[in-house]
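Written out below as structure tokens is the structure these notes cover.
The values are calculated or read from the model by the stated rules, or taken from the named source; none is laboratory data. Predicted model, so just to flag it, every value in this text is computed and none were measured. Backbone-built Cβ (ideal geometry, glycine too); neighbour counts: all protein chains shown. Side chains are part of the model used for accessible areas, which takes the heavy atoms of the whole protein and leaves out ligands, DNA and RNA. Shrake-Rupley method; radii C 1.70, N 1.55, O 1.52, S 1.80 Å.
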Amino acid sequence: MPNDEGAPLLLAAFDKFRGTLTAREACDAATSAATDAGIRSVSSPLADGGYDGHLRVMHRTTVAGAAPQP
């Protein structure tokens, strides 16, 4: 993401739209539209704590620095 201080930034943080879109699909649609409009965006799918959605969100989550350092 470019460092455009002061430029608009969209945070796409959706839960699923049951029966239509997963949280990731909703976030991807929003960030794609933002990019097309020239707006910077960040995607962060959410889950409400339910089993299915929570596993999908956690499956794609990367944690930096989680491994023990020697």
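Check Thr31, Thr61 and return the single one that is open to solvent by 60 Å² or more (accessible area, probe 1.4 Å) and either modelled with pLDDT under 85 or in contact with a strand residue (DSSP E or B) (Cβ under 8 Å, 6 or more places away or on another chain) (or both).
The unique qualifying residue is Thr61.
Within segment 2-22, can one find any residue that is at pLDDT below 65, open to solvent by less than 100 Å² (accessible area, probe 1.4 Å) and in a loop (DSSP other than H, G, I, E, B)?
yes
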